[in-house]
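The values are calculated or read from the model by the stated rules, or taken from the named source; none is laboratory data. None of the values given here were measured: they were computed from a predicted structure. We place every Cβ from the backbone using ideal geometry, glycine too, and count neighbours over all the protein chains shown. Accessible surface areas use protein heavy atoms only, side chains included; no ligands, DNA or RNA. Shrake-Rupley method; radii C 1.70, N 1.55, O 1.52, S 1.80 Å.
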Amino acid sequence: MAVPLLLVRHPRTVSLTRHLRAVSLSRHLRAVSKIDLLIGCAVIALGTLEAFTVATEYGAAETPELWWVGQAVVTGVLVWLRRKAPVAVYILMILAQYAWHRQGYEHCQVWQLASLLIVFHTVGAELPFKPGLAWAVTGILVFDSGAVDHRLLPFDEVIFLTVVFGAAYLTGLAVHAHATRARRLADHAAQVERDRERRAAEAVAEERVRIARELHDVVAHSVSMMVMQAGVLRRTQGGENEVLLGIERMGREAVEELRVMLGALRMPLDEAIPQPGLDLLPGTVSTLVSSGLRITLDVSGEPVRLAPGLDLSAYRIVQEALTNAVKHAGESEIRISISYRESRVELEIVDGGGSASSGLSTGNGLVGMRERAALFGGAFEAGPRPEGGFRVHASLPISQEAFAIERLG
């Protein structure tokens, strides 16, 4: 029965992707805030420099003009906070320019003009189009009308103010349009991703149901028939055949496990499914021993609770190695050793020898065991023993720290 494999991103992976996007946005906002702080510091530095060097050129009585430093500090803080309250900063900057001219200064300083251009840009970049345009036009009209200067401006100065403030607003508007388009594209991409995840999840759910149906109709039915035939044969022979009893018992367990698997396949992907672990080994060994096999299980050290994935992989490694040993070791004894160390769990399965055991290293079973061990950063060895027989050994880190050390090594 060919069973296709469908892959779908786990819900935790989707959550992680969204978390990374949120982290990226947070980092971007912090970077923007740092840039604004640097611009504000530059305004303060330039204002202080002009206060100590060219104050008389703007009409001051002497150089330096120390109160200019305070005005530069206030302006720098406003520039730093302009994205958080663009309208309030915009109005305060115009009022500050009005206060400047009320001191009798005819021309504004370089850092003042630069700050005004920045806040005009911010109005275009941070506000929606209609309110941003209204505030920009209002600000330009206030300056062009001479309300700030308390004088009638010449035509060339009106043109100059209109062009520079209008250009600053338009650059902000272009940034706003680009950011809006980028957000729309990001929202569209997120929606496409959600749709893809939904379609993939639906496809996987349908495939899981189909696989469950095929397992029920083919595998479960065949195993049930084998159990029934073994029971009939045992009763025909008198009912005391231990080998046939073991076959019946293992067959019923296989049918029960298939039932659990079929139920799990019909469950949603994000629901927890109980998985076997090393605690089931004693029962597995007892079942095989009752069938006449010579198997011993030795557990040393203090057993600890393993992570579910690690516990499952450890159990599957022992289970696969035991299956191979039962197939190829003949009548020899099979020894299973589980050793709990401080940071590792050691698994060893040894058989006494068999004609086919030396060829197991090329089987798919050993490949799967090696992959399970590597998944958790463990070590895996398998091969014939010098004295005869075959040995499988796996060493798995218990803690995440040990896993990290193993991966780095």
Legend entry - Largest-first ordering by accessible area, 1.4 Å probe, given options Glu302, Glu197, Glu256: Glu302, Glu256, Glu197
Legend entry - Accessible surface of Glu257 - all protein chains present, 1.4 Å probe, nearest 10 Å²: 80 Å²
Inset, instruction - Using amide H atoms built 1.01 Å from N in the peptide plane, name the residues 5+ places from Ile334, or on other chains, whose amide H lies under 5 Å from its own. - result: Arg294, Ile295, Thr296
Inset, instruction - May I ask you to order 169-176, 303-310 by the average number of other C-beta atoms within 10 Å around their residues, highest value first? - result: 169-176, 303-310
Legend entry - Equivalent ellipsoid, region 50-92 (semi-axes from 5 times Cα gyration tensor eigenvalues, Å): 27, 9, 7
Inset, instruction - Output the Cα-based Rg and Dmax of region 27-168 in Å, rounding Rg to one decimal and Dmax to a whole number. - result: 15.3, 48
Legend entry - Reciprocal mean inverse distance between Cα atoms of region 192-246 - Kirkwood radius, Å: 14.3 Å
Legend entry - region 133-143 - phi-based ³J(HN,Hα) in whole Hz, Karplus 6.51/-1.76/1.60, Gly and Pro as x: 5, 4, 5, 5, 5, 4, x, 5, 5, 4, 6
Inset, instruction - Could you work out the Rg to Rh ratio of region 151-265, with Rh taken as the Kirkwood radius (inverse of the mean 1/r over all Cα pairs)? - result: 1.76
Inset, instruction - Report the one residue of Phe160, Thr180, Ala230 whose Cα lies farthest in the direction of the positive end of the charge dipole of region 146-232 (charges on C-beta: Lys and Arg +1, Asp and Glu -1; origin at the Cα centre). - result: Ala230
Inset, instruction - Starting from the coordinates of the alpha-carbon atoms of region 76-122, obtain the Kirkwood hydrodynamic radius over all distinct pairs and give the value in Å to one decimal. - result: 10.8 Å
Legend entry - D_trans [Stokes-Einstein, Kirkwood Rh over alpha-carbon pairs] for region 121-197, 37 °C, 0.692 mPa s, µm² s⁻¹: 229 µm²/s
Legend entry - Exposure rank, largest accessible area first [Asp187, Asp195; 1.4 Å]: Asp187, Asp195
Legend entry - Packing rank of 340-348, 314-322, where each peptide gets the mean count of other beta carbons within 10 Å, highest leading: 314-322, 340-348
Legend entry - All-pairs Cα distance distribution in region 85-231, expressed in whole percent, bin size 10 Å: 10, 26, 16, 9, 8, 7, 7, 6, 6, 4, 2, 0
Inset, instruction - Quick one: order Glu62, Glu214 from most to least accessible surface, probe 1.4 Å. - result: Glu62, Glu214
